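Participant: Questions regarding the structure given below will be posed in turn.
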């Protein structure tokens, strides 16, 4: 029994000390990476040699840089999904036609990242197989294009839309624990090809640089959680109520924005309030319109082709009532959700008209919902350019059933006068002002962009009985972050989506996170140490066999290259030559001749005998090293 166990142990060690070349797999890798499909075009790295030439090393470094930049941009643009609609309408305003540029940019960036990632995986697999790198020139061009795209897109978006970097930083507060986990797993996986090559290097300086760089990155990842902050890492018992939902121009994913159908859809989705934008018509009727003109959300181009760029406030109410404010939603499908509407809803959406403030307030008053609106001052020369606030208050008090306490009064013009006229209005500020000034102006709520999200800010204002509303929050991860931060309400394009969340995404207790962090680091450390020790032990064993190349009994060394491995052995080549020569010159041997090199009984010729000798020598070498 012990001898059987020893034999099995010997067999296992012998297998571990062999170098295998997985022919079909390596052929596929080399073909995809360098278009080297034939065996003679491939080159395996010898112990002590560099894995590639300087040119190929530069190409690989460029590949790593392209991978990092394409990953960064893809993550950045993926997290910016909350504002895709704003990006598309921004392009509409400059180009004059609608197109989902945000989705196109996402698809292109995902394509470049996938391409570069596949090349990275091919390179790592080739290195793990001990192969030299030879990147095809077409891939080098592709990498360069990917790099240029990532740099150019990042620079342009940073210049035109720099505030989106704040969104990226906010996303780290939610995703950082999981990004840390992914980074540690990636560095742990890279330990195999790195250890394989550093223990085959002859240059101790190069080996020290690579190991040092790898360990610095690895231990930095291990310690990242020490500086990590996430409001979603908290005890579940300390979590506050979910932020109230205020429909941004109604439910613009389900109906044309700022129409009665949109507000009704928002209420059906469970919104606690409604948000809109108010302008004053030329004849003094407050109506709902976000844009300065009517080009985007009405058919003004068809009805009034010569007044396409005319300010919306310069149209009379009768002219506004005659416009269609819903057909654009079906044709342009701004959120990609129009297809989810039934046939009856599509017909209703296509027949929507411009909504008046009176109808909007009536709906909110009947359903007891909060309202908040931006109030636009009419342009110079407008009959109500100096009395637009009074005209709005007249509608609020005289022709609607809404209570003053339901109105979050946002306009800052003549705020003190409005406060004196109606103290029940909830004065709301759209700016981060000093706390003393807010209290002096009787501000009870802040209406801020979500980029201003801060747990310290929210708690500071909450202590002074000032609640916080953030706009526009439509993605579940961003709503979850607002929930964990303690925000009181959010303005959203997707009340139907956020209402379904029963708890913040990615919420965990500090104990759960510490366990995940420590367990990840410990398992990674054990695996990395084991991988490095294994390759060190393996390469020393192979080097031991090679070091037995000493001259014994006038012997020389022959190298046998097989299909799957390189085996160095000691053989008596001179003896082989003499045996072969004797076999040729002496002719058939006489029976009973003791010097006969061919044994008829076993049928083994001299060439086979030499191979057996070499294999036995190799087994002897492995045996000496192992035991």
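Rule-based calculations on the coordinates, nothing more; no lab input. Model, not experiment: these values are computed from the prediction. A quick note on method: Cβ atoms are made from the backbone with ideal geometry, for glycine too, and the neighbour counts reach across all protein chains shown.
Participant: Where does each of 402-409, 94-101, 216-223 land if you order them by average Cβ count within 10 Å, highest first? It would help to have the intermediate numbers written out before the result.
Facilitator: Details: 402-409: 18.5, 94-101: 11.9, 216-223: 15.0.
Those peptides, ordered most packed to least, come out 402-409, 216-223, 94-101.
Participant: Using a Förster distance of 22 angstrom, determine the FRET efficiency expected from the C-beta separation of residue 385 and residue 321, and round it to 0.05.
Facilitator: Once rounded, the FRET efficiency stands at 0.50.
Participant: Could you tell me whether segment 244-498 comes out rounded, prolate or oblate from its Cα gyration tensor? Rule is a ≥ b ≥ c as square roots of the eigenvalues, rounded for a/c under 1.5, then prolate if a/b exceeds b/c, otherwise oblate. Could the numbers behind the result be given before it?
Facilitator: On the way: a/c = 1.92, a/b = 1.23, b/c = 1.57.
Oblate.
Participant: Rank these for me by crowding, 308, 485, going from fewest to most other beta carbons within 10 Å.
Facilitator: Sorted ascending by nearby Cβ count, the order is 308, 485.
Participant: Ranking 275, 257, 56, 512 by Cβ neighbours within 10 Å, fewest first, what do you get?
Facilitator: Details: 275 26, 257 29, 56 18, 512 12.
Ascending number of Cβ neighbours within 10 Å: 512, 56, 275, 257.
Participant: If you don't mind, there's one more thing I want to ask. How would you order 432-440, 419-427 from highest to lowest mean count of nearby Cβ atoms within 10 Å? Before the final figure, lay out the partial values.
Facilitator: On the way: 432-440: 12.4, 419-427: 14.8.
Order by mean packing, descending: 419-427, 432-440.
Participant: Evaluate the relative contact order of segment 316-404 (contact order divided by residue number), counting alpha-carbon pairs under 8 angstrom at least 6 apart; express in whole percent.
Facilitator: Values: 65 pairs, mean separation 25.7, N = 89.
Once normalised by length, the contact order is 29 percent.
Participant: Please label the shape of segment 264-384 as rounded, prolate or oblate, based on the square roots a ≥ b ≥ c of the eigenvalues of the alpha-carbon gyration tensor (a/c under 1.5 means rounded; beyond that, a/b larger than b/c means prolate, else oblate).
Facilitator: oblate
Participant: Classify segment 345-429: rounded, prolate or oblate, from the alpha-carbon gyration tensor (a ≥ b ≥ c, eigenvalue square roots; a/c under 1.5 rounded; otherwise prolate if a/b is larger than b/c)?
Facilitator: Working: a/c = 2.20, a/b = 1.30, b/c = 1.69.
Oblate.
Participant: Once you have the Cα-Cα distance between residue 367 and residue 536, take 0.36 nm times their residue separation minus that, and quote the gain in nm to one decimal. Before the final figure, lay out each step's value.
Facilitator: Numbers: separation 169, 0.36 × 169 = 60.84 nm, distance 7.39 nm.
Here the answer is 53.5 nm.
Participant: I need 489, 171 ordered by Cβ neighbour count within 10 Å, fewest first.
Facilitator: Numbers: 489 24, 171 21.
Taking fewest neighbouring Cβ atoms as first place, the list is 171, 489.
Participant: Can you give the FRET efficiency to the nearest 0.05 for residue 169 and residue 90, using r as the Cβ-Cβ distance and R₀ = 22 Å?
Facilitator: On the way: r = 22 Å, r/R0 = 0.98.
Efficiency at R0 = 22 Å is approximately 0.55.
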